[in-house]
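I have placed the structure first, in the form of structure tokens, so that the comments after it can refer back to it.
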Amino acid sequence: MSKMKTRKSASKRFKITKQGKILRKKTGQDHFNAKETGNKTRKKRNMSAVSKADKRHVKGMLPYA
């Protein structure tokens, strides 16, 4: 049986921690940020955990992670 392929788009977007959590970048950072408060901009810099419902889909895209 051949090896499963990793979806490269998913490998660039998600990070898996040692404990098995899947982290993603927060949305809305690319443009239209001038009107937002500094507090909101700083919160967007941090990574966010993927929900348990979506974790199964991400694991399917990253078979060897």
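Each value in this text was obtained by applying a stated rule to the coordinates, not by laboratory testing. Model, not experiment: these values are computed from the prediction. Cβ sites come from the backbone with ideal geometry, for glycine too, and all protein chains shown count toward neighbours.
Give me Ser51, Ser11, Ser2 sorted ascending by neighbouring Cβ count inside 10 Å, so fewest comes first. With the fewest neighbours first, Ser51, Ser11, Ser2 line up as Ser2, Ser51, Ser11. In plain terms, the chain from Leu23 to Arg45 could stretch by 6.7 nm, reckoned as 0.36 nm per residue minus the Cα-Cα distance. Restricting the chain to chymotrypsin sites (Phe, Trp or Tyr not before Pro) that sit in a DSSP loop and have at most 13 other Cβ atoms within 10 Å of their own Cβ leaves Phe32, Tyr64. The lysines within cross-link reach of Lys5, meaning a Cα-to-Cα straight distance under 25 Å and a gap of 8 or more places when in the same chain, are Lys15, Lys18, Lys21, Lys25, Lys52, Lys55, Lys59. Overall shape of the chain was characterised from the C-alpha gyration tensor. The equivalent ellipsoid obtained from it has semi-axes of 29, 13, 9 Å, in decreasing order.
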